[in-house]
Every structure is written in C-alpha cells, then in structure tokens.
1. Please specify each residue of the stretch 225-253 satisfying the condition of being part of a loop (DSSP other than H, G, I, E, B), touching a strand residue (DSSP E or B) at 6+ places or on another chain (Cβ under 8 Å), open to solvent by 10 Å² or more (accessible area, probe 1.4 Å) and not aromatic (F, W, Y).
2. Residue under question is D377, and the condition is that it be open to solvent by less than 10 Å² (accessible area, probe 1.4 Å), touching a Phe, Trp or Tyr at 6+ places or on another chain (Cβ under 7 Å), at negative phi and not β-branched (V, I, T); does it hold?
3. Given the residues K450, K480, K516, K500, which is the only one that is touching a helix residue (DSSP H, G or I) at 6+ places or on another chain (Cβ under 9 Å) and open to solvent by 20 Å² or more (accessible area, probe 1.4 Å)?
4. Can R62 be described as of a type in the set (K, R), under 20 Å from N416 (Cβ atoms) and either modelled with pLDDT of 95 or more or in contact with a Leu (Cβ under 6 Å, 6 or more places away or on another chain) (or both)?
5. Among the listed residues N399, N501, identify the single one that is polar (S, T, N, Q) and on the phi > 0 side of the Ramachandran plot.
6. What's the number of the condition E142 fails, among (1) of a type in the set (D, E, K, R); (2) farther than 19 Å from S299 by Cα; (3) outside any loop (DSSP other than H, G, I, E, B)?
7. If the Cβ limit is 7 Å and pairs must be 6+ apart or interchain, which residue in the stretch 188-202 that is over 21 Å from I325 (Cβ atoms) and without any contact (Cβ under 8 Å) to a residue 60 or more places away in the chain pairs with which residue that is open to solvent by 50 Å² or more (accessible area, probe 1.4 Å) and part of a loop (DSSP other than H, G, I, E, B)?
8. Specify the residue that is nearest to S460 (Cα to Cα); the eligible residues are those in the stretch 38-78 that are within 14 Å of the chain's Cα centre (by Cα) and β-branched (V, I, T).
Amino acid sequence: MLGRVFAALAAFCLLSRGLATKKNVLFIAIDDLRPELGSYGSLQAKSPHIDALANKSMLFERAYCQVAVCSPSRTSFLTGRRPDTNRVWANVPSEYWRRFTNATTIPQYFKENDYISIGMGKVFHPGSASGEDDKEYSWSPEGLPYYHSPLHKDFGPPNKTSLWWAFDGFEDNQLPDGQIADRATETLQKLKANRTKGDNRPFFLAVGFHKPHVPLYAPKKYFDMYPPASEIILPSNPHPPKFMPMIAWSTWKFWRDYKNTKAYFEGKNCTTNFTSSVSKECAFPDNVAQEIRRSYYASLTFTDYQVGKVLEELKRQGFAEDTVIVLLGDHGWQLGEHGEWAKYTNFEDATRVPLILHVPGVTDKGMRTKALVELVDVFPSLADVAGIPVPPLCPEGENNLLACVEGSSVAPLLKNSSRPWKSAAFSQYPRPGPMNGLPQVPRHSPFDHKLGVEQVMGYSVRSDQYRFTEWLSFNATEAKGNWTGGAWGVELYDHTKQTKNFDDENEDMYFNTGNKSIIEEHEALLRAGWRAAQPPSDSSDD
C-alpha cells in the first residue's frame, strides 16, 4: 500500500514540475478503428496487444473526433484545430488546410522543437488533400524519408472488388500494414544505432495502419481466430432511430458497389432516395452483416498484432522507459447499428473513438477516465507530457497563427481522472457528401452537384448525458452555418443510462414535449461553442 502511495506521489510531482527531459513520442493512428477492443469491453473483438498497452496507460472512455471521415478528422487532430477553422470537411483534393490557415502540425511542431520527426503509413490522409503527406513541413529530411507500403495503392484479392477477403497462407508482411510494422521496427533499430553514434535527439515516430478500413482484408490466420460468421453477434439495434430526420442518414453508397455485396441492391433505389435507403429491403441480410462484422474483427486483430510488433521493438531497443505512446482511431465506425455502415454521420458510433495515452512513470499501473475529451486535445497533450512548450489556445477569430490549438491538454486528468473537465465535445458532418451520392431529402429540393459537398452542416454537441444535433444550411466560403434560417433537422439522444455494445441513440427525443428545458440547454451549449465548454482552470495544475 505504501509503495503505491509513493508511486502516486512521484507521478504527481513529475507532472507538477513538468518532465525534466524531453520524451520520445510514438504516435499510432489506426484507420476506421472504433472503440470495440477488449480494453473497451468488447464481447468478440480480439486485441491483446492494444489491451496490454491500455493496461499501462490512461484509457479515455469518452473521446470524440471532430468529423467522422478520414481527411478532415486527421487534419483536425494533426493541427489541433477544428474543421471550420481548417475548412476541411470532406475527402476531396481541394481541401488542403495550408491553403486556408497554414497551421503547424504535430510532427512539424516536434521537429521545430529539436526532435527527429519520422512518418510512415496512413498518418495524414494520403494525396493532395494533405499536400502529399505534408512532406514539405512535417518530417525531418535526413536519412529516413516518409514511407508508404509499395502495395498501398494497388492491393487486393484476385477479383479486386470484394468487400472482405481472407488471404490463405499469407505472412503479415505480404500485406501493406505488415510492411509498415516492419518499417517501424527497422526505424527503431536505426534510431538506436544513431544514438550510439552520438545523435541524441528525441524522436517523434508516427505509424499509421490502414486496417480495419474497407475493404476488409487480412491473412486467413486472423479470420481463423474467430468463430464462423453464423456465430457473430449482430447489433441489437439494426433499425434507424425512431423520428430521426432523414438528413442525419448516410446511404453508405460505396459499400453497395463491391462485387460480393452489389447483387443485394440491384434494382433498388437505395442511394438516391432517403425513404427507400432506410427501408428493410436496403439493409444487408443478417448473414452478410455477420460476414462483414467478422471480417472487420479479423482486420482489427491483424492490425493489433502489427501494433504488438512495434511495441515489442520499442522495448527491445531500450526506448520504452522514455517514450510517450498515443494510440487512436481517426473516427468511429458503424457496423450495422441503426442500419448504418462506415462513418459519415454524427451518431455516437461514428464520432466516439478509442484513445489511449501511455506516459512512462505516470500511467504504468493503468488509468481510466469518463471525462469528455476530443481528438483536438491530442496536440497540446503530447507537447505537455513529452516536455516541450504547450502551444497556446488560438485567439478567437485569428486563423493565421502558425502554432496554436483549439483543444486542451489532458495532463491534469493524469493527476485526477475524475476532476471537473469539459462540459461538452463537439463534432460535425456535412451533407450531401462525396461518398454518399446526392439523395433527395423529403420536403427539400434536390442537392445541386455544382454547389459542392458542403451545402448543409450537422453540428453536434455531446454533453455528459445527451447528444444534440442541428442540421443547418451552410456557407462553405465563409465556413458558417445559418443559425437563424430554420434547421433541416434536429436530434436529441438520451445518454443518461449506461450503454454498452453500441446499443444507444435509438430514438430522437427532440419532439418529446417533456424535453423542452433539455433542448433549450443544449441549443445554448451548441451555439456557445467549444470555447465555452473548456475545462475549468485549476491553480493546482500549474
């Protein structure tokens, strides 16, 4: 008992005075990873290596992305700024944040603070939406160029068009994520060799894994870790939320175009008509849904084993005791809950993410918190716990500062995981969206192709007990919603009761007359915005 007291006091003192020396940082981003892991209470997913990391880390039970799609979310957490500031809302080449803000990124900031900054895999969204991985700014030029698997753009089963596939007899490094894990272990070996030659710079190493992004491919041995598809648990809530406004819905168009799913939807109006798209005839049959869920789990486990290889090499090279580790998913994911698949919504399942932070000497015994946190908090948090200056909060209306953030360091939660924290987390999603077709919303005119993908914006706030969302006409040029012109739809979901296994948000309670005061409170919370929801100041944190 006394030993635990001394350990807690040591951790408190370490955080209170600031880390004496700069810590290395291992940054692990996993594409489309929802918080369905053993450490988050999953009934079926197998994630032993991530769970082992969680057991010596702070696990954030309620962490949220700012927009549930790859490029905008990654841009947001890598710059520490929100989608309307970056003006990045969709996976389109024209939305590269440096055209609007030139904001400093996490790897760039560590490089500017005398770290060697190295990246590989899917960290930024690849391509022109990130200025080709932001190579000009974010990564150290000497000796370790940015790495992508040579297979990452052209890889798949023989027919190239299956939503899921088990590669029989394949080794891990015959697939892109296995090659990325190999590259990460080789890089750690090189960093150790450089240390022996006198290069004592701390490192920032970012490793981005692709799976479980669709298509759901993995070596067959990972599929074999799971029971047959017929034994995979289906969601308890496979139907759209009652009274949901149609604008809240995503028709998950591209999922319907794979060779082994397309036949189920031929001749049906499932992507251009909302009323049809939410009907039973536009849902996957149960046996297909089970195959997809099993394949998602297999892909997740494949990536979990790649994470394990990197963590083991970190330890083998002697870096474990002075390396901060963060592991996150870039957004949530829907696996048939509400009849939804993929992301592209503001529902809890699309916006809630896994977030795990290991700080040596501080979180070693394992910690958990129910505090509301956001992925924009990752930037200032990493700076704080690694021992470099924390970038300031961006001044309101000022988008031109290079190094400022729109989130808060979570370091105070490492001292007291139940202390008062943010009153809300904020997410948003545009309509119509490039991956979802341009379905016509009942009682509204069809969307105009010529006007682009951000004609309506759903602004969502997650408080301790509720989620509230308003869908507003949106001016992308000014990055502003029309708060006075009448909403396309409004949602209120009850989170007052403990939920598990993604079984929540099954009824939109906005039209329940007994919820007037709750609605008014959350309308005010949403309009006041993220600045008004920041954690209370505490002099003991200084």
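The values are calculated or read from the model by the stated rules, or taken from the named source; none is laboratory data. The model shown is predicted, which means the values in this text are computed figures rather than measured ones. For neighbour counting, all protein chains shown are included, and Cβ atoms are generated from backbone atoms with ideal geometry for every residue, glycine included. Accessible surface is based on the protein model in full, side chains and every heavy atom, while ligands, DNA and RNA are left aside. Shrake-Rupley method; radii C 1.70, N 1.55, O 1.52, S 1.80 Å.
1. If we filter the stretch 225-253 for residues that are part of a loop (DSSP other than H, G, I, E, B), which is where we start, we get 225-228, 232-241, 243-245, 249-252.
Subset that is touching a strand residue (DSSP E or B) at 6+ places or on another chain (Cβ under 8 Å): 235, 241, 243-245, 250, 252.
This time we only want the ones that are open to solvent by 10 Å² or more (accessible area, probe 1.4 Å), so: 235, 243-245.
Of everything in the stretch 225-253, those that are part of a loop (DSSP other than H, G, I, E, B), touching a strand residue (DSSP E or B) at 6+ places or on another chain (Cβ under 8 Å), open to solvent by 10 Å² or more (accessible area, probe 1.4 Å) and not aromatic (F, W, Y) turn out to be P235, M244, P245.
2. Details: open to solvent by less than 10 Å² (accessible area, probe 1.4 Å): yes; touching a Phe, Trp or Tyr at 6+ places or on another chain (Cβ under 7 Å): no; at negative phi: yes; not β-branched (V, I, T): yes.
For D377, the condition - open to solvent by less than 10 Å² (accessible area, probe 1.4 Å), touching a Phe, Trp or Tyr at 6+ places or on another chain (Cβ under 7 Å), at negative phi and not β-branched (V, I, T) - is not met.
3. Details: K450 fails: touching a helix residue (DSSP H, G or I) at 6+ places or on another chain (Cβ under 9 Å); K516 fails: touching a helix residue (DSSP H, G or I) at 6+ places or on another chain (Cβ under 9 Å); K500 fails: touching a helix residue (DSSP H, G or I) at 6+ places or on another chain (Cβ under 9 Å).
Among K450, K480, K516, K500, only K480 is touching a helix residue (DSSP H, G or I) at 6+ places or on another chain (Cβ under 9 Å) and open to solvent by 20 Å² or more (accessible area, probe 1.4 Å).
4. Values: of a type in the set (K, R): yes; under 20 Å from N416 (Cβ atoms): yes; either modelled with pLDDT of 95 or more or in contact with a Leu (Cβ under 6 Å, 6 or more places away or on another chain) (or both): yes.
Yes; evaluated as a whole, the condition is true for this residue.
5. On the way: N399 fails: on the phi > 0 side of the Ramachandran plot.
When all the criteria are applied, what remains is N501.
6. (3)
7. none
8. Quick first cut of the stretch 38-78, residues within 14 Å of the chain's Cα centre (by Cα) only: 60-78.
Remaining after also requiring β-branched (V, I, T): 67, 69, 75.
Values: V67: 10, V69: 15, T75: 19 Å.
Ranking the qualifying residues of the stretch 38-78, first place goes to V67.
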